[in-house]
Number of protein chains: 2
Amino acid sequence: MAATDDPNPPKRRRRRTGQSSASLGQVAELAGVSTATVSRAFNNPDRVSEAMRSRIFKAAEQLNWVPNAAGRALASARTRILGAVIPTLDNEIFARQVLGLQDGLSPHGYTLFLGCSRYCGEAALTEVRAMLEHGVEGIMLVGRDYPDTLFRLLRAHRTPHVLSYIYDPGLDHPTVGFRHDEIFAQLTRAHLEAGHRRFALIFQNVEGNSRVADRLRGVRETLAEAAAPLPEDQVLIGEGTLQFGADSLRRLMSLPEAVRPSAIICGNDTLAIGALSMAQRMGLQVPKDFAISGFDNTAISEMTAPPLYTAEIDNYLVGREAAEMMLRRLKNRKAPVEHLELQPRLIARASI
Amino acid sequence: MAATDDPNPPKRRRRRTGQSSASLGQVAELAGVSTATVSRAFNNPDRVSEAMRSRIFKAAEQLNWVPNAAGRALASARTRILGAVIPTLDNEIFARQVLGLQDGLSPHGYTLFLGCSRYCGEAALTEVRAMLEHGVEGIMLVGRDYPDTLFRLLRAHRTPHVLSYIYDPGLDHPTVGFRHDEIFAQLTRAHLEAGHRRFALIFQNVEGNSRVADRLRGVRETLAEAAAPLPEDQVLIGEGTLQFGADSLRRLMSLPEAVRPSAIICGNDTLAIGALSMAQRMGLQVPKDFAISGFDNTAISEMTAPPLYTAEIDNYLVGREAAEMMLRRLKNRKAPVEHLELQPRLIARASI
DNA sequence: TGCAATTTTGTAAGCGCTTACATCGGAGGA
DNA sequence: TCCTCCGATGTAAGCGCTTACAAAATTGCA
């Protein structure tokens with residue numbers, strides 16, 4: 001097996017990457033060092049001598065080198081990417097959570113993949129699958145309404161996850177959020193304490209959204225305890241929009257006076273504000289003609305006439321804490337499942 | 001150079017990837033074929049026989065295989081990732097553009113990296129750099145207010161980009177949007193036609209936001225043409241919030257009657273709604289005491305008292321068209337720079 | 001001054017995939 | 001029947017990086 005001819009015929013293998021940007025190898029060449037040293041200069045600066053380091057940095061700068069994440073990911077089995085699945089960007093609640101998430105994560109060098117489920121478990125699954133392909137190291141999900149397949153997939157990939165916007169120590173998944181039933185029980189009690197006994201509800205859709213289900217439950221249980229009736233036909237459920245709020249109010253206020261509700265609990269501020277604007281148009285006085293409450297404390301809620309009785313949760317903080325929890329899980333994969341309860345704040349205003 | 005001993009001592013090289021999820025190689029092994037065939041079965045199904053294909057799919061399913069994007073990216077120099085940089089998620093305008101973007105892109109198998117610049121060029125640059133590291137194939141940016149470095153970086157990486165939310169055929173970058181000056185000129189004319197001559201402006205911050213600058217210019221030029229004065233101390237600029245809108249209105253309405261404006265042009269609906277709510281609190285009649293207009297046509301703008309005169313652009317469509325344009329640029333790298341002008345719609349309501 | 005301990009740098013394998021090229025086995029034409 | 005052609009499959013290189021281990025350079029200390 002002596003070396004006779006040229007052992008490697010000049011097959012001229014592919015040259016796919018055009019003249020595109022520089023590689024670590026080229027930086028190494030320009031700096032006159034090995035690729036290992038360049039890699040270390042960037043990832044473990046203190047394992048490289050001062051002189052060498054500045055020589056390498058200069059070369060990198062000169063070539064305008066930007067490291068290739070795919071190469072890094074393949075070699076190190078780390079991507080520094082995290083994923084977040086939210087219902088929709090079209091809602092400032094979730095947008096603000098994402099903001100908190102990004103602020104909590106980027107100082108640690110993580111980039112965020114964002115997916116919207118539009119309240120559909122299957123869509124969420126698709127998003128998660130795409131994220132796993134891209135090697136996300138962890139995933140944050142809003143709520144718990146996802147198919148089992150999704151959680152099984154996560155487990156199979158050993159990808160940690162955190163559920164945000166809910167607090168549920170009974171769950172085998174880490175959660176960061178609050179008790180939706182509890183805060184709606186509080187809102188309900190506020191109405192009861194103001195002496196109301198005839199209730200109606202205007203709520204957003206509940207299917208595929210256990211948070212709304214929890215809110216409804218909180219209201220129902222509290223009313224039941226107080227032995228206050230809640231006629232089922234006065235529980236109006238539809239889109240969580242201004243329009244549905246307005247339409248629902250008109251419907252409720254068209255009822256015969258004997259059964260007309262004196263207190264209306266809305267599933268969020270948007271519904272309540274829609275109702276309030278309809279009340280104004282109908283010439284009704286709030287809270288004289290009826291009391292109303294919302295949830296979220298959107299910016300406009302303190303400017304309505306009258307200002308809206310509501311409650312708020314710091315959604316930026318929810319995102320921020322979810323980020324922290326994710327970082328902890330990433331650091332210690334076998335830590336026990338954590339739960340963090342945040343406290344919503346009741347905002348007592350004139351609409352009750 | 002004869003082969004004497006074992007040429008490759010059992011060094012037992014690293015075994016980094018734990019027992020993590022399956023690789024294409026394992027799928028190949030289970031199906032009893034080469035890795036090349038597995039790859040083809042997924043990427044070029046028609047280059048593989050029917051029987052083989054189903055055998056491979058079965059094996060993949062059995063192992064719960066999810067392809068590794070890093071490996072694919074490295075081998076194919078394609079990532080199927082695109083990036084989008086928006087000022088902030090905290091604004092439904094941009095959130096809706098992102099929604100349009102995702103809807104336009106995901107049918108084509110692209111995933112989206114999202115970055116927020118918070119109206120800061122440097123922050124945008126950081127985001128873009130991170131995206132380039134991750135090998136995005138193209139980037140969509142809101143507006144044109146970015147440092148030159150950013151565009152140079154993009155050019156160096158041969159990464160196509162599209163600017164959204166503006167239309168400017170004079171720019172050497174593709175744009176999808178509308179003329180901010182033009183629509184504000186129209187809004188201004190609406191006031192003029194209603195007979196107003198004494199104007200004030202309530203606008204969001206203009207630095208680092210050429211769109212707001214364009215809007216202001218549109219107003220100023222139109223007023224100048226009509227020889228209507230615009231005292232500089234009645235151009236109020238601050239945060240684009242309800243609060244600033246409300247505060248500004250109070251300030252304007254506290255002016256001596258002789259100089260008090262009869263028409264107020266706001267840079268967006270939020271400012272106008274803030275002003276409107278303050279007017280209500282002050283017991284002022286709109287449009288009797290003053291006329292006011294906004295921009296965006298937010299959901300609530302038709303429910304204010306009175307409903308707000310405004311204009312709207314279909315932001316979902318902006319995102320959608322930006323996606324299409326990006327796809328075209330991706331398909332044909334050397335296509336000439338395109339510009340798409342979308343038309344905002346004037347929404348004439350009772351506040352003028 | 002000499003040698004071990006320590007730091008700094010180099011060598012080269014391999015991460016999971018795609019793809020140029022080689023090979024193999026019919027099908028079809030002469 | 002032989003040969004060509006073509007479709008299906010295999011072989012193996014290499015994408016850009018990290019890192020275990022080896023080698024070299026430097027330091028510390030007796």
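The values are calculated or read from the model by the stated rules, or taken from the named source; none is laboratory data. As the structure is a computational prediction, the values presented were derived from the model and not from experiment. In this analysis, Cβ positions are derived from the backbone assuming ideal geometry, glycine residues included, and neighbour counts consider all displayed protein chains.
Somewhere in region B:94-109, is a residue more than 16 Å from DNA strand D (Cβ to nearest atom), in a loop (DSSP other than H, G, I, E, B) and either under 12 Å from the mean Cα position of the chain (by Cα) or surrounded by fewer than 22 Cβ atoms within 10 Å (Cβ to Cβ) (or both)? Yes: region B:94-109 contains one or more residues that are more than 16 Å from DNA strand D (Cβ to nearest atom), in a loop (DSSP other than H, G, I, E, B) and either under 12 Å from the mean Cα position of the chain (by Cα) or surrounded by fewer than 22 Cβ atoms within 10 Å (Cβ to Cβ) (or both).
For region A:79-98, taking the residues that are closer than 16 Å to A:Val128 by Cα and among the hydrophobic types (A, V, I, L, M, F, W, C), the one that is nearest to the other protein chains (Cβ to nearest Cβ) is identified as A:Ile81. When residues in region B:115-138 are screened for being at positive phi and more than 15 Å from the chain's Cα centre (by Cα), 1 of them pass.
Can you say whether A:Arg144 is on the phi > 0 side of the Ramachandran plot and touching a Ser or Thr at 6+ places or on another chain (Cβ under 9 Å), as far as the supplied structure shows? Walk me through how you get there before you give the answer.
Working: on the phi > 0 side of the Ramachandran plot: no; touching a Ser or Thr at 6+ places or on another chain (Cβ under 9 Å): yes.
When the stated conditions are applied, A:Arg144 does not pass them.
Strands (runs of 3 or more DSSP E) fully within region A:247-339 that include at least 3 residues being in contact with a strand residue (DSSP E or B) (Cβ under 9 Å, 6 or more places away or on another chain) and not small (Gly, Ala, Ser): A:263-266.
Among the candidates A:Ser23, A:Ser76, the residue that is within 13 Å of chain B (Cβ to nearest Cβ) and within 22 Å of B:Leu153 (Cα to Cα) is uniquely A:Ser23.
Got at least one residue in region B:54-61 being loosely packed, with under 14 Cβ neighbours inside 10 Å, within 14 Å of chain A (Cβ to nearest Cβ) and modelled with pLDDT under 90? Spell out the reasoning first.
Taking region B:54-61 first, the residues loosely packed, with under 14 Cβ neighbours inside 10 Å are B:54, B:58, B:61.
From what's left, within 14 Å of chain A (Cβ to nearest Cβ): B:61.
Those still in the list that are modelled with pLDDT under 90 too: none.
No; the residues of region B:54-61 include none that is loosely packed, with under 14 Cβ neighbours inside 10 Å, within 14 Å of chain A (Cβ to nearest Cβ) and modelled with pLDDT under 90.
What's the total number of residues in region A:255-288 that are of a type in the set (Lys, Arg) and within 14 Å of chain B (Cβ to nearest Cβ)?
Total meeting the criteria: 1.
Does B:Ala51 count as at pLDDT below 95 and touching a Lys or Arg at 6+ places or on another chain (Cβ under 6 Å)? Let's see the steps before the verdict.
Details: at pLDDT below 95: yes; touching a Lys or Arg at 6+ places or on another chain (Cβ under 6 Å): no.
Considered against the rule, which asks whether it is at pLDDT below 95 and touching a Lys or Arg at 6+ places or on another chain (Cβ under 6 Å), B:Ala51 comes out as no.
Kindly indicate the residue of region A:99-143 that is among the aromatic types (Phe, Trp, Tyr) and under 23 Å from A:Arg333 (Cβ atoms) and also nearest to the other protein chains (Cβ to nearest Cβ) among those meeting that condition. This residue is A:Phe113.
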